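Report on one structure; see the data block that follows.
The values are calculated or read from the model by the stated rules, or taken from the named source; none is laboratory data. Note that the coordinates shown come from a computational prediction; the quantities given were computed from them, not determined experimentally. Here the Cβ is made from the backbone with ideal geometry for all residues, glycine too, and neighbour counts use every protein chain on show. All accessible areas refer to the heavy atoms of the entire protein, side chains included, with ligands and DNA or RNA removed. Shrake-Rupley method; radii C 1.70, N 1.55, O 1.52, S 1.80 Å.
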Amino acid sequence: MKVPEVRRAVEAAVSIASALGLAVDDAVVLHDSNKLTLRLLPCDVLARVAPAGHQVARFEVELARRLAGTGCPVAAPEPRTEPRVHERDGFEVTLWTYYEPITPRREIPPARYADSLRRLHAGMRELDVPTPHFTDRVAQARRLLADRDRTPALSDTDRDLLDDTLFSLGGTVGRYGGTEQLLHGEPHPGNLLTTENGLLFIDFETCCRGPVEFDLAHAPEEVGEHYRGVDQGLLRACRILVLAMITTWRWDRDDQLPDGRRLGAEWLGRIRAALDDDTGTGRSHSPARPSGP
């Protein structure tokens, strides 16, 4: 958010929390991108603030509430208040339990990461909620590439590379025909907390339906080696597909990820290397289909 918006967003969160009877003397900014994440003190509540009309906040709160209620490894809404979306001054505010991190994310053992994701997936399989398909997110990335006004710094060569990769691998994974389910959508280390309560996933605004390999593609490669029953060919295709998607977001003129443009250029090189590696070794992007009728 821009500085004036940050100030207003903080004021909205503090005002809402105070009106709910939570003691707030200070608000510490933990993360600032398309949403603002605050730690409110001394009540020790996490507030997430987004512009009104964000639309996914209600879904995210309800989904987290239901998953937490079944023991899934997720961050729960703040229990001292009703789990809902609060609106003030053009912002939507949700209140969450604050968890003190105890271990750097880079030190999470891959087997532990895989077990937590497996448990999350098991809980999500029990829920029947309307969500987009992962191919809808691929289509969204392709629309961004087609809009040159929103991606003006992207060269024609790189634009074609990203679009071709999204089109071909999106189709490959979409036609696989394996088991699909509700997914987190982006269970990367940035959306995983290490707490005294164990590993907890956060940020469910990107939930979608698809194969579990699509979720695993966001995690470090070693995690996929510890997740039972994974189709490694499908996972490899998903990894390149996901890399093309997140690279596309970095070239959006409105992208607010710190150092995003440098990462976008670096990831273009990784995509080319991955595609060249497949070509040079004779490997195909197409995952092996399960045998049987």
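Residue-wise, which Karplus ³J(HN,Hα) couplings in Hz belong to region 226-239, taking 6.51 cos²θ - 1.76 cosθ + 1.60, θ = phi - 60°, and x for glycine or proline?
10, 9, 5, x, 7, 7, 5, x, 5, 4, 4, 4, 5, 4
Summarise the accessible area of region 1-121 (1.4 Å probe, protein heavy atoms) by the percent that is carbon and sulfur. Mind dumping the intermediate values first?
Numbers: 3040 of 5990 Å².
C and S atoms contribute 51 percent here.
Where the centroid of each part is defined by its Cα atoms, how far is region 160-185 from region 38-108 in Å?
Going from one Cα centre to the other spans 30 Å.
Got a sec to turn the phi values of region 8-25 into Karplus ³J(HN,Hα) couplings, 6.51 cos²θ - 1.76 cosθ + 1.60 with θ = phi - 60°, whole Hz, x for Gly and Pro?
5, 5, 4, 4, 5, 5, 5, 5, 5, 4, 5, 5, 8, x, 8, 7, 10, 10
Under 5 Å between amide H atoms, partner at least 5 residues away or on a different chain: which partners does V74 have, H built in plane at 1.01 Å?
F201
Where in region 206-223 does the amide nitrogen come within less than 12 Å of the point 7 Å from the Cα of H133, taken along Cα to Cβ?
Within reach of a label on H133: 209-211.
For V45, list long-range residues whose amide hydrogen, built 1.01 Å from N in the peptide plane, is under 5 Å from its own amide hydrogen.
Close amide H contacts, sequence-distant or interchain: L40.
Taking amide H atoms as placed 1.01 Å from N in the peptide plane, list the residues 5 or more away in sequence, or in a different chain, whose amide H sits under 5 Å from that of E225.
Residues meeting the criterion, in which the H sits 1.01 Å from N, do not exist here.
Work out, step by step, the length gained on full extension between A153 and E87: first 0.36 nm times the residue separation, then minus their alpha carbon distance; give nm to one decimal.
On the way: separation 66, 0.36 × 66 = 23.76 nm, distance 3.58 nm.
Net length gain for the segment: 20.2 nm.
Below 8 Å between Cα atoms, with a sequence gap of 6+, how large is the relative contact order for the chain in percent? Please list the in-between numbers first.
Details: 439 pairs, mean separation 47.9, N = 293.
Result for the chain is 16 percent.
Across region 175-184, in residue order, what do the Karplus-derived ³J(HN,Hα) couplings come to in whole Hz, using 6.51 cos²θ - 1.76 cosθ + 1.60 with θ = phi - 60° and x for Gly and Pro?
Each residue's phi maps through the Karplus curve to give 8, 4, x, x, 5, 10, 7, 5, 10, 5 Hz.
Over the C-alpha atoms of region 203-281, what are the Rg and the largest Cα-to-Cα span, Dmax, in Å?
For region 203-281, the Cα-based Rg and Dmax read 13.8, 40 Å.
Work out the FRET efficiency for E266 and V28 from their Cβ-Cβ distance, taking R0 = 35 Å, and round it to the nearest 0.05.
Details: r = 31 Å, r/R0 = 0.87.
Efficiency, rounded to the nearest 0.05: 0.70.
Which net charge results for the neighbourhood of P187, defined as the other residues with beta-carbon distances under 10 angstrom from its beta-carbon, given Lys and Arg at +1 and Asp and Glu at -1? Before the final figure, lay out the partial values.
Numbers: positive: none; negative: E186, D203, D215.
Result for the local shell: -3.
Between R80 and V56, what is the label-to-label distance in nm when each label sits 7 Å out along the Cα-to-Cβ direction?
For R80 paired with V56, the spin-label model returns 2.9 nm.
Give me the 1.4 Å probe accessible area per residue for the chain, excluding ligands and nucleic acids, in Å².
On the way: 14380 Å² over 293 residues.
Value for the chain: 49 Å² per residue.
Taking only DSSP H segments of four or more residues, each worth -39500 (n - 2.57), what value at 222 nm results for the chain once the sum is divided by all its residues, to the nearest 500 deg cm²/dmol?
Values: 9 runs with 128 residues, N = 293.
The helix-only estimate for the chain comes to -14000 deg cm²/dmol at 222 nm.
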